[in-house]
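Notes follow once the structure below has been shown.
Taken together, the values in this text are just the output of simple stated rules run on the coordinates, not laboratory data. Everything quoted here is computed from the prediction, not taken from an experiment. Here Cβ is always computed from backbone atoms with ideal geometry, including for glycine, and neighbour counts include all displayed protein chains.
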Amino acid sequence: MINIYMNRKFNKLIKIFLILIIPFLYSCDKGIEPYPVETGPDITSFEGKVTFVGAWPEGINRTYIVVFSEPSRFDVNTLQYIIGPIPYGVSEFNYNSIENNLGLIPKLAAGEYPYVIVAQSKTPELSLLRQDWTVAGIYFNQGNTALPGILKIEQGKVVSGINITCDFNNPPVQPPSRWKMNYE
Amino acid sequence: MNNIMKYIFFAAIILLSYNFLSAQNKNITGFIFDKDNQPLNGANVIISGTNFGAASDINGYFEIKNIPFGIYDLEISVIGFKKEKIRNIKFYELFEPLRITLRPESVETDQIIVSAGKYEQRISDITVSSVVIGPEIFSKKNIVQLDEALRYVPGVSVALEQVSIRGSSGYSKGAGTRVFVAVDGIPIYTGDTGEIVWEMVPITDVERIEIIKGPASSLYGSTAIGGVINIITKKAASEPVTYIKTFAGVYDDPSYDEWKWNKSKRTFFGVEAVHSSRLNNLGYTFSIKRFDNDSYRENDFKKRLSGYLKLDYDIDVNKSITFIGNYLDMNRGNFIYWKDSRNALIPKDSDRDQTVKSDRQFASLIYKQKFSDTFSGEFKSSYYRSNFEGIGIELTTATSNLFRNELITTSKINDKFVIVSGVEVSYADVKSNLFSSPYFLSASAYVHSEYKFSDKINSTLGLRYDFIKLDTLAGANALTPRAGLNYKYSDELIFRTSFATGFRAPTPAEVFTSADAGSGIMVVENPNLDYETSLSFEIGAIYQPINFIKFDAAFFNTDYNNFIEPLLTSEGNIQFVNLPKARIQGVDFTTDLILIPGLLNFSVGYNYLWARDINNNKAMKYRPRNTVYSSLEFTPYSFEFRTDLRYWSKVEEIDFNLTKPPINLIADGENRAEVIVVDLSIGYNFVIGASPFKIYLNGKNIFNYNYVEFIGNLSPIRNFSLSLETYF
């Protein structure tokens with residue numbers, strides 16, 4: 001007798017339980033997914049000309065165009081893209097950011113980049129340390145040299161006219177030798 | 001799979017061999033009363049896992065007839081009263097009718113807790129937020145490691161194996177902790193990295209787990225700046241009891257074809273045995289555990305063997321001594337980061353075949369003496385040796401020895417006034433090619449008082465002094481005061497508030513680690529690392545309008561100075577640095593509901609956290625802003641059904657620079673999502689021969705939701721396990 005009573009009650013309770021857990025069993029997406037394999041050429045890029053004025057310093061081992069995500073902050077945390085190398089001693093260098101990509105960073109995403117420079121280094125091996133680099137030229141918007149120009153990259157477009165002048169006789173202001181973190 | 005079958009067969013042989021007792025039958029009788037000694041009519045009395053049962057009559061009397069002799073569990077339930085379970089009834093010794101008293105069903109608010117003041121207090125009297133977890137969760141969810149259970153506690157989060165209370169820690173690869181994790185009040189962090197090795201927690205001997213949310217440095221010192229998790233172990237059984245558990249499980253296929261890396265199913269299994277008894281004044285418990293996990297990821301296997309021994313000896317009614325010894329031997333793969341999001345279950349090429357071998361030994365001694373009704377003392381001494389070898393391209397080794405002694409006195413001046421005071425000394429030495437070979441010394445003294453102004457108002461006041469010397473670093477001194485107030489507005493509504501200061505010294509690993517992190521990134525030492533301090537405030541309330549509902553809510557604010565976090569420096573190195581100002585604010589809200597007394601319980605907890613680096617005005621890393629935990633439990637007769645939900649909002653701030661070129665240490669590491677995990681558990685209690693059994697089927701992450709708790713580390717995919725346990 002007790003078994004029959006229990007079975008009926010049990011079936012009823014199972015139904016109550018299932019109704020109550022329905023809110024838990026709502027469907028949801030699958031969370032993170034594998035990134036898709038990139039297909040087709042991406043033309044998102046920028047291009048321009050670097051002009052060198054004066055005699056090149058001796059001992060330069062590499063010269064690159066470097067894009068940073070924060071103004072006047074030259075360090076690995078803000079480094080976004082590298083173009084080069086620019087041959088030693090040239091007076092002009094025409095570039096396209098895809099064709100002349102150094103290869104260390106595969107792609108520059110669409111967005112705004114407030115610090116685009118030409119940087120030179122004398123170290124035998126490639127170094128990411130700030131103190132191993134000198135800024136030879138800075139990109140300014142249409143001759144306004146008060147502040148570094150902002151490079152605006154749009155998806156699927158080629159931005160032209162990103163020209164930089166490197167005047168070895170009149171070098172630009174150097175960013176801090178070591179970025180002073182707010183908490184230092 | 002062969003191994004699993006072997007284990008199941010082995011376990012079945014062990015379990016069944018104990019189950020042949022007498023074939024004689026007998027009646028079992030008894031009376032059921034309420035707490036006022038009034039007989040309860042209509043209470044169901046069932047022998048767990050059988051069809052044997054009866055209901056009590058108007059006199060509270062019941063009789064179950066023709067029961068084979070044996071050892072049984074008896075379940076007694078009636079609407080409005082808490083279901084009672086009487087374990088291990090030796091029916092062949094039972095001649096007198098049983099007398100059973102049932103308590104009214106209610107959500108417990110008056111549990112005893114020792115971690116808030118280092119002496120026994122009621123939760124309703126304390127001035128800080130706390131949670132108490134019972135050991136049942138380990139069986140119900142087939143939990144083999146404590147951090148798995150902590151993942152379901154509101155206000156507590158676990159990223160990989162690093163625990164954080166109210167956002168006190170982000171993720172730092174096991175270097176340092178801000179939560180004081182202890183066994184019977186004795187901390188179990190290692191002497192080198194200061195990490196918690198969860199496998200060392202003896203979960204088969206847990207009576208309860210007490211969690212204090214918020215800074216407790218004024219009582220527990222440096223590592224308690226974020227809170228306390230204190231594991232209280234059981235007293236040895238008065239009669240010989242042996243408990244055996246075995247389980248086996250399998251991981252499902254991953255969600256995407258790209259992630260399939262192995263043709264066969266990945267499995268895990270384990271077996272553990274515990275025996276506890278008492279010989280006159282000596283109680284003893286010992287256990288041995290074996291756990292093998294293939295893992296759902298390549299080179300992420302884990303094999304471990306552990307042993308545990310606890311002896312408690314009552315010298316006389318006023319003196320006792322307890323020894324706890326624990327040993328762990330582990331061999332595991334070293335999966336550090338995924339290769340990329342298309343290869344989420346295989347490690348980076350450079351990390352392939354890296355393994356870690358470790359062994360750990362922990363021993364502690366607790367001597368208690370009651371000098372009078374008002375004055376008692378406790379001496380705790382412990383030793384923790386940790387040794388690991390990381391085997392990869394280079395061999396990394398670390399061996400640390402941590403010695404600790406603490407003397408605690410408790411003075412009950414009168415019914416209203418209690419003073420707890422103590423002194424503590426600890427010393428650690430480290431030998432390693434990762435952290436050089438530093439030593440660590442700390443000495444401290446504290447006093448904590450509780451004063452009851454009236455039945456409604458309770459206050460606490462505490463102060464601790466710490467001196468800490470870490471090798472070549474200058475010695476540091478810290479004073480950490482604390483104050484709190486508890487106000488019982490009514491029987492239903494209790495308010496609490498507290499101010500606390502916190503202090504945390506950097507660990508040897510945070511200061512001295514010097515190692516290659518891969519991809520040309522070095523972890524570099526920082527001998528200038530300063531200790532961090534905090535000031536926190538909390539106000540909260542418990543509201544229990546009726547026995548079946550309990551609400552607990554709290555607002556908290558903690559301001560940190562010199563907060564220690566790992567950071568990618570401008571030189572491209574990872575280094576632990578001090579953030580000058582950080583603030584963590586938030587609210588906790590939990591509610592426990594008994595929807596059908598004795599049958600259906602529901603609980604939900606919500607936590608909002610706003611943790612930010614003040615100077616850089618951005619969120620702190622690896623801290624979800626919103627978390628929700630809920631569980632629903634249904635226990636009809638011998639069945640148990642349970643479902644758990646865990647939700648984290650998407651973590652805002654991570655180490656973005658490590659996830660993209662030029663560093664690109666963790667390819668696609670920014671690929672993350674909110675966390676929505678649902679678990680399901682079904683259990684059944686039954687009897688074979690004379691022994692009670694429990695069988696649980698657990699489905700974890702049943703929707704196979706893909707998420708990361710830390711970048712480049714896909715969390716466990718859907719898996720199922722079957723566990724079987726018995727005791728005799």
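In table form, for the structure just shown:
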read-out	value
Modelled label reach - B:ALA541, point 7 Å along Cα→Cβ, the stretch B:477-494 residues with backbone N closer than 19 Å	B:485-494
Rounded to whole Hz, the Karplus (6.51, -1.76, 1.60) HN-Hα couplings of the stretch A:133-148, x for glycine and proline	10, 10, 8, 9, x, 10, 7, 10, 7, 6, x, 7, 9, 6, 9, x
Proxy reagent accessibility, fewest Cβ within 10 Å first, across B:MET620, B:MET330	B:MET330, B:MET620
Helix B:2-16 vs. chain B, principal-axis angle (Cα, 0 to 90°, nearest 10)	30 degrees
Net charge over other residues, Cβ less than 9 angstrom from the Cβ of A:SER45 (K, R count +1; D, E count -1)	-2
Theoretical ellipticity at 222 nm over chain B - DSSP helices of four or more residues, -39500 (n - 2.57) apiece, nearest 500	-1000 deg cm²/dmol
Long-range HN-HN contacts of B:ARG718 with modeled amide H, under 5 Å	B:ASP252, B:ASN704
Shape category assigned to the stretch A:45-167 from the gyration tensor of Cα positions, a/c cut at 1.5	rounded
Euclidean distance of C-alpha centroids, the stretch A:37-96 and the stretch B:172-223, integer Å	51 Å
Hz values of 3J(HN,Hα) by residue in the stretch B:188-200 - Karplus curve (6.51, -1.76, 1.60), Gly and Pro given as x	10, 8, 6, x, 9, 7, x, 8, 9, 8, 5, 5, 7
Spatial separation of Cα centroids for the stretch B:678-725 and the stretch B:612-660, in angstrom	20 Å
Placed amide H near B:ARG623: partners under 5 Å, 5+ positions off or other chain	B:GLU652, B:GLU653
Residues whose placed amide H lies under 5 Å from that of B:GLY176, excluding near-sequence neighbours	B:GLY194, B:GLU195
For the stretch A:119-138 versus the stretch B:310-372, the gap between their alpha-carbon centres in whole angstrom	48 Å
Contact order relative to length of chain B, as percent, for alpha carbon pairs under 8 angstrom and 6 or more apart	12 percent
Under Karplus coefficients 6.51, -1.76 and 1.60, residue-wise ³J(HN,Hα) of the stretch A:42-49 in Hz, glycine/proline x	10, 8, 4, 6, 9, 8, x, 9
